[in-house]
Each structure stands twice: as C-alpha cells, then as structure tokens.
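To keep things clear, I will list the structure first and then write my remarks on it.
Bear in mind these aren't lab numbers, they're just calculated from the coordinates by the rules spelled out. As the structure is a prediction and not an experimental result, all values here were calculated from the model. Note that we place each Cβ from the backbone using ideal geometry, even for glycine, and neighbour counts take in every protein chain shown.
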Amino acid sequence: MRQLCKGNVAIVKGAVLAGCRSFYGYPITPASEIAEYAALLIPEVGGTFLQAESEVSAINMVYGASSAGMRVMSASSGPGLSLMQEGISYIAGAELPCVIVDVVRGGPGLGNIAPEQSDYFCVVKGGGHGCYRNLVLAPSSVQEMFDLTVLAFDLADRYRNPVVIMTDGYVGQMMEPLDIQLRKIEAPEKDWAVKGTAETKKNLITSIFLEPDVLEAHVNKLEAKYQLAQELETRCEEYLTEDADVLLVGFGIVSRVLRSTVDQLRAQGLKAGLFRPIMLWPFPSRELRKAVQHVKSVMVVELNTGMMLEDVKLALNGTVPVEFYGRTGGNVPAAEEITAQVFARMSALV
Amino acid sequence: MNGYEVIHEKSPAFYDLYERKGELQQQTHYCPGCGHGIVHKLIAEALTDLGLQDRTILVSPVGCSVFAYYYFDVGNVQVAHGRAPAAATALKRSHPESIVMAYQGDGDLAAIGTAEIVHAANRGENISVFFVNNSVYGMTGGQMAPTSLMGEVTTTSPWGRRASNEGLPLHVCELLAALETPTYIERVALNDMKNIMKAKRAVKKALEIQKNGGGFSLVEILSPCPTIMKMDPVVARKWVGEALVKAFPLGVFRDHKPDLPAGPKIPVKTVAQALEVEESVPEIASPRRHHTRDLTVKIAGFGGQGILLMGQLLAEMGLREHMEVSWLPSYGPEMRSGSAHCHVSLSHERIGSPLISQPEVLIAMNELSLLKFAPSVVSGGLVLYNHTKLPAGFSVPQARVVCVPASEIADRLGSAKVANVVMLAALLEETECLPTESAIAVLEATVKNPKLLELDRQAMKAGRDYVDTEIEVGAVSQPDGYSY
C-alpha cells in the first residue's frame, strides 16, 4: 500500500526495514530531519539513537557501533561531512560497514542550506586520507530514498565499507508515494565484530599497519574490493537514449528536471535522452560508453561547477563532445532553463 | 611484604605471546621504566580478579598505547585520536553486557579529545576510562601536552611552558568533577609501591562499578615517561612523586552513583507499525481515470495559512486515485520570512521535475504571492486568488482568474484555519482534477479532531458552492481586474 512520504523520512524508514538499530548524528540543516525522525523511530523499534556532541563524535560512535557488529547510520550535510572525513577514512581502513547520508547544501564554508551537488568530490572521490573509496548512491525520488537505503546497508555489509547516500534538500523535502514491501531482512553474520563475548574475544578492529609491506597488502586488499565493486555494482537508468542525438547526464534532483527537459526537447523536435547514474561510485562508465554509441553530443548538468563532469569525460575519453551546464548557490534550473541552454548550444551539440 | 599480595605470574588477561607485535613477542613495545606497562598489569589483574576478561572490550587510543591490543587477550578496537569515549559509548550501547574500557593518554584525552570525554562523562556512560597522564606527548617525540607543567621544556615549548602562551596545566579530574553524572573519579600515581597499590584498587573499583551498571568512572594515573623526560627510570618515578603529584593532587574527586531521574517510557512498536504501512489513506479499489486529470499546481501565501498542508492534502487525494503525485515545499530562509509555497504535480505518468516553474494552476492566498507568481502561470492556465477581486491595475492576461474570498468564507464558518480547505474545494470544483469523494476521504483519514473535521466538511461545501454559484463558466480575467 502506497503512503505519501517525505524523502528524509523514507530514508529512516528504509533503515528501520534494513535492520538498522543504531543512529548517531548531529543536527545540521537540511539533514536534521533525518536525525529527528530517527530519534523518534529507532528507539521505538528497540534501537539506540544518540545525538553526539559533534559530527566528529558521531562518526566515531558509528565506528564503535559498527565494530560491535551493528547496522549503523548517520546523516549530515556539507560542513558536517567535512568534519566526518577522518572517521570515514578510519571506517574504510578498518573495513567497517556503515551508511552515511549527505543531504548536500550550498558551499563552500557555511554557504547556505539550499540544494547543491557540490559535495561530489568530497563524497565520491573520498574526502578523507588514504587509498579508499566510498560506495555512493544518488536517489532521485522518495521511493529511491527508501529502496537505496535498504540497498546501502546490504552493500555496506557485503563490502565492509562505508556507503554514502548523496542527496539534497529537494529530494529530502519532497513528498511522493512510497510503496513499502514489508519483509524480514537479516544482516549477515559478522564473525569479525567485537561484541564483548568469549567467541569474539579474538577479534581486533584496527586501521594501523606499521610495516610497509603489511600496509601495502592491506591497501591491495581494499583495492581488490573496489575493483570487484566496479565490476558488479554500477547502477544507472536511461530514458529515451536509444535514438538520442543529445544525451543529457545528471543525477539526483537534476535527473528529475532532465527527464522533463528530454520531454520538452523531444516535443520541439530534438531527439534527446537522459542518462542518470544511480551509483556515483562506482561510476557507470561502461554503461555510459554504451549509451553514447550513436549520440552526437553529451551535456552534463549539475548543481556545482562541474564535478561529475570529470567522471563523464574520463569515461568517454574524448570520443564524444561534452558540454556542461551548472548552477550553484541553491539555484535549481527548471526544465525550461535547461531546454533553452541546449538550444543555445545546438551548433555545438548536434 | 606486609599487606601486599606478591603476584609472580602473568595475568591470563594478557596473551601468552604478543603475536600481533611481530618481533620480540615476549616483551612489550614500551620503554624501560614507562608507566604503561604497570597500568596494563593493573588492568589485566583487575579483569582476572573480577572474572571479566571474556566480556571485555578494550578501546585503544592514538599515542604510545595505540598498541595496547598487542597485549590484552580481550576484544580489541583501536580508534582515532581522542575519540575513544565516543567509540566506547557506541560499543557499550550496542552490547550493554560487555565491559568497555577506554585507555587514553594526556594528548588523546585532554587535548584533541576534550569534547568526547566531557560528553561521555556527562551522559554518565557506563564505561571505565583509564587516563594515563605523563605530562608529555610520548609517541610523537616529546611535544607539549595540555598537562605539561609550568616551565616544562618540550620540543614544542622549547623555552618551557608559559602561562601567557599555553595557559596552565589542564586538570581533568577537577574538570569532570564539576559534572553531576559521573560516578567515580580518582587521581592516582605510579611513583611508589604504595601509590601503585592505590592505583590498583582504583582500577579495580572502576571496573567493578561498570560491572554493576554503576555508570561513568575515570581513573587518572600520573605516570613516568623516562625516555622523553631524559631521566633514569628511578629518577623519572621520583619526578612523578614530586613534580607531577604537586601539580596534580591525588585523591578521590567523585564517589557516588548519581541519582538520575527516570525518563519517559518510549512506546514499543513493531516494524510494520513504525513504517506506518497500514496507516495511510487507503487507495480506492477501482479508480476511474476520466475522473482525474493531470495538473501542476503552485500554492503560495503566508506561513500559517496552511499552504503546505493544502498541497499535501491535494497530493494525498491524487495518491488515493492511483495517480503519481509529488509535493515539493519551499524551504529554508523563505519559511522564516513568513511566506510559504509548495508545488504539487498530479499525473498519470511518472513525474519528471517536481519543480514547477510554469504552473497550470496558481493558488495565491495573498496579494504578494499573486503579484509574484501570476506571471509565471502557463498560457490558458488558472489563477485562484483569495479575495473578491484582483488588486487595482493588476491583470493576468494569459490565464483565467477566479477570485474566491476563501478567508472571508472561512471566517464566516467560524475558523480562519479552514480557508485552505475552502480554496482546495474551489480548485476541485473549478478544474475537476479529482473527485469530491477522494477529498472527503482524505480529510476523514487525516483530520482526527471531529469538530475540525465537521468544519472542514463545511469548508469543502462552501468552497464548491461559491465557485458553482458565483463564478461564471468560462469566465476570463479582464484588464480591469474583475472576473466575469
């Protein structure tokens, strides 16, 4: 049965269904709603919600709960994500699973609280130190906020790695129908966790490896996981790409606007299509290369100054011309605005 | 020795061989004369005495004791610099039956980790913190610590610690004793056998308190660092007894379980209840497609006029009719300036952009919204305006304007609050985008107060009647601002 649900709420509901019973966070607009809803829901189903003294503490509580074998999550936004970076690096280094939501706001610095996608580098390229990756999901609807949260916990456990859900204030604040298929979700047995029992006494959670060869072997082990993820976990969605001359590429809220843009462009006689990465890392490079086979030009649209643009260019490696249109400061372009941009660049695009 | 128990064997809480260490698996990595070895021994013996070894989780810090997990045959978690109390908090809350120890040095606890220790103590976390204070950063090579003494020469205070530059030594026990929630705080020293025995009792007591669910305890242990201090181990120990103890007085700073008020009881819910899968407005069994139509609506007005709620009700109604719907509020600073708007899309197809820059319908609940958004309405669209007439000199040439004095009508019904429902009814009557039954069903499902529900029913009828009787079919707005 469908319910009208807000995106931020759908994330918490997805976490509850996925068996997450630990939430450690710190308030920040526009992510606070997730903490607020978690504060309500997680204790009701027998879990722990704790508002930490800072994002630094919150991410280290996540580290502790994950070490203990719990399915655990936190949510924050730009400045808070920056503070969490050291902890996220430790979590990746210690091979701990966790889910972190970044409801991206305008930056840099205090910026503003309106939607941007300017945390792409910080989240997708890994804002912390060392050779690690985040698996990054970019939902674009309330249903996906729910479904991808459930998936995020699964991926986190499968790869023993942080998974970031990168979204924005629009998808977070938006209400749409949400269809919840109730089911029992069992987290995998975590025999590596430290639970304060005789059976788990032998276990050690750490990210320190003093010997160069030992650390290198560890880094290689992590890298092998990331290679596997690149093989198996790319996710994307295409809309009217088969006969497209112009391919629009965007994620999250932008992909919703681009869907309308494609309709507008087609109504005006231009064969446009949409390529939407659902996972930002691993980036669906293979799928993108396939999608552009008969395309004359690509236009990337982001709420930043061109971040995913780099991944698109890397994937296409100069085979197709790539245009870019970005807005920042919380300005989300309307479909009409992007349509006008496409026509303004028609000579370059087609 | 009188009154002392002499122990000749290694505690079973230590590994037989320190395999994680790599080389030299029978000795520790600590320097000769270092206090950490003694503290480790006291903890291990207390764990054995209390029978806690299997249940214990040791949280190792960053500092010389980063490798404490080489030695303790317990569950081990190594954490980031200063964050042991945060990680310990979550470990303990995840497994309340476990015994969680945070082992920290002075840089870790009293510099980078001050926030974490203060708040863990203030929450009264049922953990035991062992705080080894040797007045200097050991592992990084002898830099100043927050607990360095006045005049103490370190690599980063080459002329000696100066109050004018680095302030005075930080007294952690005294600081934490200002909080009401900790159960047990004591400062001990490793300068002689008598004090080491006192330290042993303090360590054991802290663990015993945790075992009994007694709350937060911290034992600060003044400890020698002969290598960094460039002292002979015996001299370093003597220095602890003289200089360190003088600056950091030994003693018990707190020793009683706080009487904390029991909080409210949290309701227990099943997952299905928490996810509200059965509570939403039921969708009708067989929707009739021609009774609904695709529509994009922008609703704008003052905060407090029920703008956002009006949009949500409209979206709920669409959902009930098996439509795709989206509701997107204005949010952020705008909401604080007193104006609010939201976008609602009703569609039989998957909805692209939830942002509506050119709505088919604008519901303007105040003049400001009308002036601001009416020009964006699509050609042939509709504007519903909360007034009897358009402002003088204002027209909307491209769209039909229907003036509905919703606030006036609501006032007459007895509550200004239902102006939004009056307007919603006007929208349904004017556009026929959704059947009335759905509107009533949604109101019945969402409005729990029977009095208010009755008022909403009246508002729904009044809004419809107004459009039905007062507004002419096919009327268009005229430049003089009136609808005919």
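Points to keep in mind about this one:
- When the inverse distances between all different Cα atoms of chain B are averaged and flipped, the Kirkwood radius reads 28.1 angstrom.
- When B:Val62, B:Val79 are arranged by Cβ crowding within 10 Å, least crowded first, meaning fewest neighbours, the order is B:Val62, B:Val79.
- Within chain B, helix-based [θ] at 222 nm, where runs of 4 or more DSSP H residues each add -39,500 (n - 2.57), nearest 500: -9500 deg cm²/dmol
- Sequence of B:Ile284, A:Ile113 once ranked by neighbouring C-beta atoms within 10 Å, starting from the fewest: B:Ile284, A:Ile113
- Cα gyration tensor shape of region A:237-349, rounded if a/c is under 1.5, else prolate or oblate by comparing a/b with b/c: rounded
- Residues whose placed amide H lies under 5 Å from that of A:Leu248, excluding near-sequence neighbours: A:Gly273, A:Leu274, A:Phe275, A:Met299
- In this structure, the amide hydrogen of B:Ile363, modeled 1.01 Å from its nitrogen in the peptide plane, lies closer than 5 angstrom to those of B:Lys298, B:Ile299, B:Ala300, B:Leu384, counting only residues at least 5 positions away or on a different chain.
- Mean-position separation - Cα centroids, region B:235-296 and region A:293-350, in angstrom: 43 Å
- Packing-based ranking, highest mean first, of B:460-467, B:447-454 given that Cβ atoms within 10 Å are counted: B:460-467, B:447-454
- When the helices of chain A are scored as -39500 (n - 2.57) per DSSP H run of n ≥ 4 and the total is divided over every residue, the value at 222 nm lands at -13000 deg cm²/dmol.
- Per-residue average of Cβ from other chains inside 10 Å of A:248-257: 2
- Mean separation of Cα contacts under 8 Å, 6 or more apart, over the residue count of chain A: relative contact order %: 17 percent
- Dipole magnitude (debye, nearest 20) for the protein assembly as shown, charges at Cβ of Lys, Arg, Asp, Glu: 1500 debye
- Burial order of peptide ranges B:421-428, A:269-276, A:297-304, A:234-241 (average beta-carbon count within 10 Å, highest first): B:421-428, A:297-304, A:269-276, A:234-241
- The charge dipole of region A:2-232, taken about the Cα centre with unit charges on the Cβ atoms of Lys, Arg (+1) and Asp, Glu (-1), comes to about 420 debye, rounded to the nearest 20.
- Region A:237-349: relative contact order in percent, alpha carbon pairs under 8 Å with at least 6 residues between: 29 percent
- For region B:287-470, the Cβ-based charge dipole about the Cα centre amounts to some 260 debye (Lys, Arg positive; Asp, Glu negative; other atoms uncharged).
- Taking amide H atoms as placed 1.01 Å from N in the peptide plane, the amide H of B:Val100 lies under 5 Å from those of B:Ile57, B:Ser128, each 5 or more residues away in sequence or on another chain.
- Extending 7 Å from Cα along the Cβ direction at B:Asp232 and again at B:Ala272 yields two label points whose distance is 7.8 nm.
- Value of Rg to Rh for region A:2-232, rounded to two decimals, is 0.96; Kirkwood radius and Rg both from alpha-carbon coordinates.
- The mean count of C-beta atoms from other chains within 10 Å of the C-beta of residues in B:353-365, rounded to a whole number, is 4.
- P(r) tail fraction, region B:287-470 - alpha-carbon pairs more than 29 Å apart, %: 13 percent
- Among A:Leu240, A:Asn331, A:Leu309 - extreme Cα towards positive end, dipole of region A:237-349, charges at beta-carbon: A:Leu309
- Distance between modelled label sites at B:Arg412 and B:Asn165, nm, 7 Å Cα→Cβ extension: 8.2 nm
- Label-zone membership for region A:69-108, site B:Arg20, 7 angstrom Cα→C-beta point, backbone N under 13 Å: none
- Note on B:90-103: average number of Cβ atoms from other chains within 10 Å of each residue's Cβ is 6.
- Relative contact order, whole percent, for chain B stands at 10, derived from Cα pairs under 8 Å and 6 or more residues apart.
- Here, the protein assembly as shown is characterised by an Rg to Rh ratio of 1.07, where Rg is the alpha-carbon radius of gyration and Rh the Kirkwood radius.
- Sequence-distant lysines (8 or more away, or on other chains) whose Cα lies within less than 30 Å of B:Lys230: B:Lys10, B:Lys21, B:Lys41, B:Lys194, B:Lys198, B:Lys200, B:Lys238, B:Lys246
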